[in-house]
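The values are calculated or read from the model by the stated rules, or taken from the named source; none is laboratory data. Predicted, not measured: the structure shown is a model, and the values here were computed from it. Here the Cβ is made from the backbone with ideal geometry for all residues, glycine too, and neighbour counts use every protein chain on show.
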Amino acid sequence: MCEEEKVETTEAPRAEATAWDNVLKETVKVFESLGKAIVTTAQSASHLLLVEVDKDTCAQLDLLVQNGVAKSRQEAAAALIVEGLKSRNVVFDRIQKTNAEIAALRQQIRTLVTG
C-alpha cells in the first residue's frame, strides 16, 4: 500500500506540471494572437479618419444604410468621399502638378543655401 501511495504522489506533480505547461503554452498563443491583432489594428488605424458631419448629412448617410446601399455610415461616407474625389480628378491632377513644382523650387532654394 505504501508503494501505491508513492505512485499516486509522484503522478500528481507530473500531471500538475503538464497542466501548467499547457496553460503556459495557451497563454503564449493568446499573446501572440493579441500582438498580431494590435499590429493589424495599428496598420488599419493609419487610414482612419474622424469626421464630424451635420445632422442633414448624417440623415443622408442613414438613408443609404437603411436602404442597403451601404452597411454602415462609415462605409457610406467613405464611398461618397471616393466618388467626390473622382469627380474632381482634374483639380487634383493640377494640385499634384503644382505640388511637384513647389517641391522642386524648395529643393532649388536648399541647394542655393547649402551650396
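Give the number of residues within the range 52-74 that are assigned to a helix (DSSP H, G or I) and either in contact (Cβ under 8 Å) with a residue 40 or more places away in the chain or out of contact with any helix residue (DSSP H, G or I) (no Cβ under 8 Å at 6 or more places or on another chain) (or both).
Qualifying residue count, the range 52-74: 8.
Quick one: Glu4 ticks every box in (1) surrounded by fewer than 10 Cβ atoms within 10 Å (Cβ to Cβ); (2) at pLDDT 85 or above bar one, so which box is it?
Condition (2) is where Glu4 drops out.
Going residue by residue through the range 38-57, is there one that turns out to be among the small types (Gly, Ala, Ser), surrounded by 10 or more Cβ atoms within 10 Å (Cβ to Cβ) and within 18 Å of the chain's Cα centre (by Cα)?
no
Determine whether Ala104 is surrounded by fewer than 11 Cβ atoms within 10 Å (Cβ to Cβ) and either at positive phi or out of contact with any strand residue (DSSP E or B) (no Cβ under 7 Å at 6 or more places or on another chain) (or both).
Yes: the conditions hold for Ala104.
Residue check, Leu85 against (1) more than 30 Å from Val53 (Cβ to Cβ); (2) surrounded by 10 or more Cβ atoms within 10 Å (Cβ to Cβ), all met but one. Which one?
The number of the failed condition is (1).
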